[in-house]
1. May I have the pair-distance distribution P(r) for the chain, computed from all Cα-Cα distances with 10 Å bins from 0 and rounded to whole percent?
2. What number comes out for the charge environment of GLY435, summing +1 per Lys or Arg and -1 per Asp or Glu over other residues with Cβ under 11 Å away?
3. For the range 262-330, what's the relative contact order in percent, using C-alpha pairs closer than 8 Å and at least 6 residues apart?
4. As a quick test, which of the pairs LYS227/LYS376; LYS96/LYS227; LYS33/LYS321; LYS4/LYS50; LYS125/LYS349; LYS183/LYS285 have an alpha carbon distance above 32 angstrom in this structure?
5. Distance in nm between label sites at ALA336 and SER95, each 7 Å beyond Cα in the beta-carbon direction?
6. How do VAL197, VAL417 line up, fewest other C-beta atoms within 10 Å first?
7. List the cysteines in the chain whose Cβ has no other cysteine Cβ under 4.7 Å from it.
8. Using a basic spin-label model with each label point 7 Å from the Cα along Cα→Cβ, how many nm lie between LYS102 and GLN274?
Amino acid sequence: MNPKDEFPEAYELCKRFMLGEDQMIEVIDRMTKEINMGLARDTHARSVIKCYVSHVQDLPTGQERGKFLALDLGGTHFRVLLVTLINDFETNIESKTYIMEKSLISGPGGDLFDFLAECLANFCKDHHVEGDNLPLGFTFSFPLRQNGLANGVLTAWTKGFSCDGVVGKNVVQLLEEAIARRKDLKINIVAILNDTVGTLMSCAYLSRNCRIGLIVGTGTNACYVEKTANAEMFQNYQTSSKPYMIINCEWGAFGDNGVLDFIKTPFDKLVDKQTPNVNRQTFEKCISGMYLGELVRLILIDLIGKGVLFKGHSSEFIFQKWSFQTSFISEVESDAPGQYRNASLVLDKIGVRQTTEFDKRCLRFICETVSTRAAKLTACGLVCLINKMNASDVTIGVDGGVYRFHPKFHDILVHHVSKLLRPGFHFRIVLSEDGSGRGAALVAAAAVSNKFTKE
Ligand code: BGC
């Protein structure tokens, strides 16, 4: 039976999530305009896709060697890594992950950076490198206006972070000051980079035609390789001897000026209202792991209220905001056709018992609707960048939990990119191998060997 007849009420709520090809083409066109505005000096200030210059102008050569430290901050976990680039094929990575308590994510910025410095110090002591002045690459996955490879000013927090006193500051300096306060550590911070850039670098190490780094995880974003001559916000864009510059799009903010209102649903508006950054990160809120579960939960609540699901019974748990994790969507959609084992487990986790097969089928339909839209919008973003580069054969390096763990995200993404791309264009999507760690080390390696000009 088709969903319209099988779940008429759910279908009614979900149909606005179902993007048609015309809408997708419109999204691509609008995004292209925004990217061009972000790149150009005259329009950059009023653009929403900021297209920050990363100051990374060389892709890896495969000749990078040595020992580097990397930090990875961008979500609920913070990682410290010791990366040894041994040869073309061998990289040794030792790392430790630290959980970020809620109080750190929304407390004073000073506490955040003291915490980062403390973790770094403990890690370095464990590995006996605290006095070695090792070069460090800092993967900092929030919007940064970069004034150099080791200078990045935070323009806004995303993904639920809201620490005071950091927006408008050079994050490298904040970390250096926190390290200096401790007096037990010698570190040389040589680069700060976005996770998309790390992802691109680590894939480009293996696939020479890798030109896009994509993240679909807690947040979403992409970077791509642009001609330096087009990167007008780079001070030396006309005189640089290096032909390319990696651009950190910060595409999560696409739509913050209303250009995506034509696809927004009432549920998108509800989710937005519950976040600390209302009216910001519109595109991200339709795609990334921080928000997809909540979209599903809000649709479920609506249907419970109408008496359509769970015979009107439910649990208190499901009425708690953010209680439906995005990983549940991947679980529900991992059931084989006609089977509902994972759906039952998920319903159990959210405290809803004695459900019918109709409930489970409907839950799956809702999950599919929300995740398919996310994959389609990601496809629009990729098509926009591939067209922008006019790259007829390109590899896209990708990372992030939604992409990694959702059973069909990759296939839906590939299907729609293929459909929307110009005829004769080819692409390949590959999973990045620890972009935030290895990618940061590669950028640091290039910085140290002075391959990056100090322009
Ligand atoms: C941030 C980006 C980041 C993305 C993926 C977004 O919220 O603004 O800088 O690349 O999340 O982690």
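The numbers here are math on the coordinates, done by the rules we state, and not lab data. Here the structure is a predicted model, which means the values were calculated and not measured. Cβ placement follows ideal geometry from the backbone for every residue including glycine, while neighbour counts extend to all protein chains displayed.
1. Going out from 0 Å in 10 Å bins, the chain shows 4, 21, 30, 25, 14, 5, 1 percent.
2. Values: positive: ARG438; negative: ASP72, ASP195, ASP399, GLU433, ASP434.
Once positives and negatives cancel, what remains is -4.
3. Numbers: 54 pairs, mean separation 21.2, N = 69.
Relative CO of the range 262-330 lands at 31 percent.
4. Values: LYS227/LYS376 27 Å; LYS96/LYS227 37 Å; LYS33/LYS321 35 Å; LYS4/LYS50 40 Å; LYS125/LYS349 41 Å; LYS183/LYS285 41 Å.
Over 32 Å apart, Cα to Cα: LYS96/LYS227; LYS33/LYS321; LYS4/LYS50; LYS125/LYS349; LYS183/LYS285.
5. For the pair ALA336/SER95, the computed spacing is 3.4 nm.
6. Working: VAL197 29, VAL417 22.
So the residues, fewest neighbours to most, are VAL417, VAL197.
7. Cysteines of the chain left without a disulfide-compatible partner: CYS14, CYS51, CYS119, CYS124, CYS163, CYS223, CYS249, CYS286, CYS362, CYS367, CYS380, CYS384.
8. Modelled inter-label distance: 1.4 nm.
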